[in-house]
1. Give just the number: which of (1) under 15 Å from the mean Cα position of the chain (by Cα); (2) open to solvent by 60 Å² or more (accessible area, probe 1.4 Å); (3) not aromatic (Phe, Trp, Tyr) does ALA38 not satisfy?
2. Using beta carbons and a limit of 9 Å, which pairs, at least six apart or on different chains, have the first residue in the range 84-100 and closer than 25 Å to SER25 by Cα and the second one of a type in the set (D, E, K, R) and assigned to a strand (DSSP E or B)?
3. Taking the condition of being among the basic types (Lys, Arg), surrounded by fewer than 18 Cβ atoms within 10 Å (Cβ to Cβ) and either touching a His at 6+ places or on another chain (Cβ under 6 Å) or modelled with pLDDT of 95 or more (or both), how many residues in the range 54-106 meet it?
4. With (1) without any contact (Cβ under 8 Å) to a residue 40 or more places away in the chain; (2) open to solvent by 60 Å² or more (accessible area, probe 1.4 Å) as the list, and GLN13 as the residue in question, which single condition is left unmet?
5. Within the range 19-35, restricting attention to residues that are open to solvent by 40 Å² or more (accessible area, probe 1.4 Å) and part of a strand (DSSP E or B), which residue is farthest from GLN1 (Cα to Cα)?
6. Restricting to the range 28-61, name every residue that is touching a residue at least 60 places away in the same chain (Cβ under 8 Å) and within 15 Å of THR75 (Cβ to Cβ).
7. LEU78 is checked against (1) part of a helix (DSSP H, G or I); (2) under 14 Å from VAL90 (Cα atoms) and fails just one. What number does that condition carry?
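The values are calculated or read from the model by the stated rules, or taken from the named source; none is laboratory data. None of the values given here were measured: they were computed from a predicted structure. Ideal geometry is used to build each Cβ from the backbone, glycine not excepted, and the neighbour counts take in all protein chains shown. Remember, those area values only see protein heavy atoms, side chains included, never the ligands or the DNA or RNA. Shrake-Rupley method; radii C 1.70, N 1.55, O 1.52, S 1.80 Å.
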Amino acid sequence: QVQLVESGGGLVQPGGSLRLSCAASGRIFSIMGWYRQAPGKQRDLVALISSSGSTAYTPSVKGRFTISRDNAKNTVYLEMNSLKPEDTAVYYCNAKNDPSSFGSWGQGTQVTVSS
């Protein structure tokens, strides 16, 4: 059974940093990523990383966020720097092998950027 467990969310001031982690169990995934959902909005892609290390980011986080993975630990990370209030959302980990599939989801972790 696939299980994704996220950690690392919290409250941070604007300009601060947080690091999210997502540990996957049950199988190895070729594509892992992070999505976020703000109150009243749809869930949107933040960043993706393939098993070979290729990455993709939504434009609003480029240069501020870095996605990485440790294949040996089957874990994906999201390093978030220069955080802004508009980054406030629940962040969800996603993992899949078929790019066209919905994949498996974690339970979400809250990130709040506020002074």
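1. Only one criterion in (1) under 15 Å from the mean Cα position of the chain (by Cα); (2) open to solvent by 60 Å² or more (accessible area, probe 1.4 Å); (3) not aromatic (Phe, Trp, Tyr) is unmet by ALA38, namely (2).
2. ALA89/ARG36; ALA89/ASP44; VAL90/ARG36; TYR91/GLU6; TYR91/ARG36; TYR92/GLU6; TYR92/ARG36; CYS93/GLU6
3. Total meeting the criteria: 3.
4. Of the numbered conditions (1) without any contact (Cβ under 8 Å) to a residue 40 or more places away in the chain; (2) open to solvent by 60 Å² or more (accessible area, probe 1.4 Å), the odd one out for GLN13 is (1).
5. Across the range 19-35, the extreme among qualifying residues is ARG19.
6. Within the range 28-61, PHE29, SER30, ILE31, MET32, GLY33, TRP34 qualify.
7. Result: LEU78 passes all but (1).
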